[in-house]
Amino acid sequence: MTSTPPLRLDNVTKSFGGLTAVSDVTLSVHEGERSVILGPNGAGKTTLFHCITGTLPITSGTIQIFGKNVNRMTPNARTRLGVGRTFQITNLFAELTLLQNVVLAVHGRARGARRLFTSWQSERHVVDQAHAELDRVGLCGKADLDVSELSYGERRQLELALALVGGPRLLLLDEPCAGLSQSERQAFTGLIRAIPSNVTTIIVEHDMDVAFAIADRLIVMNQGALICDGPPEEVRNTTEVQEVYLGDA
Amino acid sequence: MSMARALRMFGTIALVLAGVILLITPYAGNPFWTGLMAQILIFGLLALSVDLLMRHTGLFPMCNGAFFAVAAYTVAMLEVNYGVASPFAALAGIASAGVTGMVFGVSVRASGVYFILVTLALGQLVWGVSVQWTWLTGGDNGITNVPYPSLGDMRIGSLTQMYYFVAFVVIFFTLLYRQVIRSPFGLSLNGIRDSESRMTALGFNVTVRKYVAFVISSLFAGVAGVLYAYTVQFVSPAASSLLISVEAALMPILGGPGTVFGAFIGAVIIIGIRNVVSGFLSGWPIVMGLVFIIVVLFAPKGILGIFNDLLRRSDRRDQAADAARKDVREAEQ
């Protein structure tokens, strides 16, 4: 028996008025696969990403997550299916401490934070888990700092920590290395590679070096459509891909 | 003595002084001051109910005065027209504010400026009812002769007793409020304030949480409204006017948004200006406006914010000095 794919798209199309940003995309990812969606600016990769997370409704087609049709599911309902995501532009709780940020993530996963009459610090198991998650991305010892005191690279790390809390089965990363320096990129791709191999990961990226460093599978988009899909080496040698993307890089 | 220690001492003295004033006001011999202090406490609690949404959830409500008025009118009507026993009248008052909150809560579907406008419109609805439905609310005459609350044979018989009752209830609900803010639920409200999209991505139902916060806010406003009806013993459309909602929002802004004491400091300033300055200056709203402009421009974190910033800065300076001294000592060795 083959297991249900963590993510399956059938003829997904998203148009904004007359503009078709994502056009008839059919795609299925396998469990544990680390796919990178690559493409030049305006290729529709971020739009596709939003359709998968549910921030944008799709125009036609179906999206299945772990075999469930999620076309009508809200983003938070999709999260509860086991989907974790990061944001392209760092999206953190700016006025809270790192620990509070991660505590909220733990609660969100567990459908918690319903109590009114205990203090959040007194829930030891939640706080301990939050500390462990901070350790995992190398932010231990900074738990009590405010987010505003972090460097940009550290904010990206925290962004990843929030997505990893509670062990998502499908992880969606939206340009995780955007805005990082060369050395920070290397450290960050290390963190991404360290994500447990049972987590299916889909990464939207336009930086080729990052893409080739982390991908098991490269999916190349151009003008809303998939133009190539396969192992990185194979994709690199495809002439069509070289023309639209790699050629001018 | 370091700056930080001096500031801490000042803070402690101010707190002790506030506690002493709270305790002895009725013995100052002037019922005016007792009534004024009671109002400061009541409006401080109303200000907290606004701050729960404004500072902690990121919503700016313009209808908490309406919850306050609904509760006050309910108590006054039940006590004066129907002679309902005080505990039931008080509970009915709080419940009616809560029910109003549950209905008005649909406004959390709107965000930003639209939320402000929707709550403004809903709040004005209550004001309209209090002015126009004379048969129910007494119109501009309001409802007079609300008795002090009683429980069986025990009856609050004087303003002094009423004052202590108000102080007790306000302190109790302030502690409860503080607990709610520090709870996991309270933390999730802060998360909503900072980033709704992130909260959604983490699996939270943001709309439901905002709705619950809105209803909790209306309950706290209702408690303040019940205390108001019993203390002032008179409820008129003044209780439901927009001014109440606006002032209740200004109090935490002036005192220090997000802090429990800030709401009460703001209440002291606004109630003080309204009642004391107006005694010798007919242009007192100008004073209020000036104070507001100065605080917002020069102390966006409110009066308590100035204090906290000073404290933090001098703490850091002390730490830096300690570290430097340690370096010198180590270098000498």
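The values are calculated or read from the model by the stated rules, or taken from the named source; none is laboratory data. Computed from a predicted structure; not experimentally measured. As a convention, Cβ positions derive from the backbone with ideal geometry for all residues, glycine included, and neighbour counts pool all protein chains shown. Surface accessibility is based on the protein's heavy atoms, side chains included, excluding ligands, DNA and RNA. Shrake-Rupley method; radii C 1.70, N 1.55, O 1.52, S 1.80 Å.
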Test A:Gly108 against the criterion of being out of contact with any Asp or Glu (no Cβ under 7 Å at 6 or more places or on another chain), in a helix (DSSP H, G or I), at the interface with chain B (Cβ under 8 Å from one of its Cβ atoms) and open to solvent by less than 40 Å² (accessible area, probe 1.4 Å), and give yes or no.
yes
If you go through the stretch B:45-65 one residue at a time, do you hit one that is in contact (Cβ under 8 Å) with a residue 24 or more places away in the chain, more than 13 Å from B:Ser217 (Cβ to Cβ) and in contact with a Gly (Cβ under 9 Å, 6 or more places away or on another chain)?
no
Return the only residue of B:Phe234, B:Phe220 being open to solvent by 10 Å² or more (accessible area, probe 1.4 Å), among the aromatic types (Phe, Trp, Tyr), within 18 Å of B:Gly93 (Cβ to Cβ) and within 14 Å of chain A (Cβ to nearest Cβ).
B:Phe220
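Quick grid of which residues meet (1) assigned to a loop (DSSP other than H, G, I, E, B); (2) at pLDDT 90 or above; (3) not small (Gly, Ala, Ser):
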{"residue": "A:Thr20", "(1), (2), (3)": "no, no, yes"}
{"residue": "A:Val25", "(1), (2), (3)": "no, no, yes"}
{"residue": "A:Pro40", "(1), (2), (3)": "yes, no, yes"}
{"residue": "A:Ala43", "(1), (2), (3)": "yes, no, no"}
{"residue": "A:Gln88", "(1), (2), (3)": "yes, no, yes"}
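Which helices (runs of 4 or more DSSP H) does the stretch B:1-116 wholly contain that include 3 or more residues that are surrounded by fewer than 19 Cβ atoms within 10 Å (Cβ to Cβ)?
Per the criteria, B:3-24, B:31-54, B:86-104.
Per-residue answers, yes or no, for (1) within 13 Å of chain B (Cβ to nearest Cβ); (2) under 30 Å from A:Gly230 (Cβ atoms); (3) touching a residue at least 24 places away in the same chain (Cβ under 8 Å):
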residue	(1), (2), (3)
A:Gly18	no, no, no
A:Val22	no, yes, yes
A:Arg34	no, yes, yes
A:Thr46	no, yes, yes
A:Ile58	no, yes, yes
A:Phe87	yes, yes, yes
A:Gln100	yes, no, no
Name the pairs: first residue in the stretch A:112-135 and of a type in the set (Gly, Ala, Ser), second residue part of a loop (DSSP other than H, G, I, E, B), Cβ to Cβ under 8 Å, at least 6 apart or on different chains?
A:Ala113/B:Phe204; A:Ser119/B:Ser183; A:Ala130/A:Ala143; A:Ala130/A:Val165
When you look at A:Leu116, is it part of a helix (DSSP H, G or I), open to solvent by 10 Å² or more (accessible area, probe 1.4 Å) and within 26 Å of A:Val165 (Cβ to Cβ), yes or no?
no
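Quick test for you: out of B:Leu311, B:Leu304, pick the one residue that is farther than 23 Å from B:Val246 by Cβ, surrounded by 13 or more Cβ atoms within 10 Å (Cβ to Cβ) and under 34 Å from the mean Cα position of the chain (by Cα).
That would be B:Leu311, the only listed residue that is farther than 23 Å from B:Val246 by Cβ, surrounded by 13 or more Cβ atoms within 10 Å (Cβ to Cβ) and under 34 Å from the mean Cα position of the chain (by Cα).
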If only one of A:Arg185, A:Arg169, A:Arg217 is basic (Lys, Arg), within 16 Å of A:Val29 (Cβ to Cβ), open to solvent by 10 Å² or more (accessible area, probe 1.4 Å) and out of contact with any Leu (no Cβ under 9 Å at 6 or more places or on another chain), which one is it?
A:Arg217
I'd like to know if the stretch A:144-160 contains one or more residues that are of a type in the set (Phe, Trp, Tyr) and more than 12 Å from chain B (Cβ to nearest Cβ).
yes
Can you tell which of B:Leu175, B:Leu187 is at the interface with chain A (Cβ under 9 Å from one of its Cβ atoms) and either without any contact (Cβ under 8 Å) to a residue 60 or more places away in the chain or closer than 24 Å to B:Leu242 by Cβ (or both)?
B:Leu187
Does the stretch B:250-261 contain any residue that is within 11 Å of another protein chain (Cβ to nearest Cβ) and among the hydrophobic types (A, V, I, L, M, F, W, C)?
no
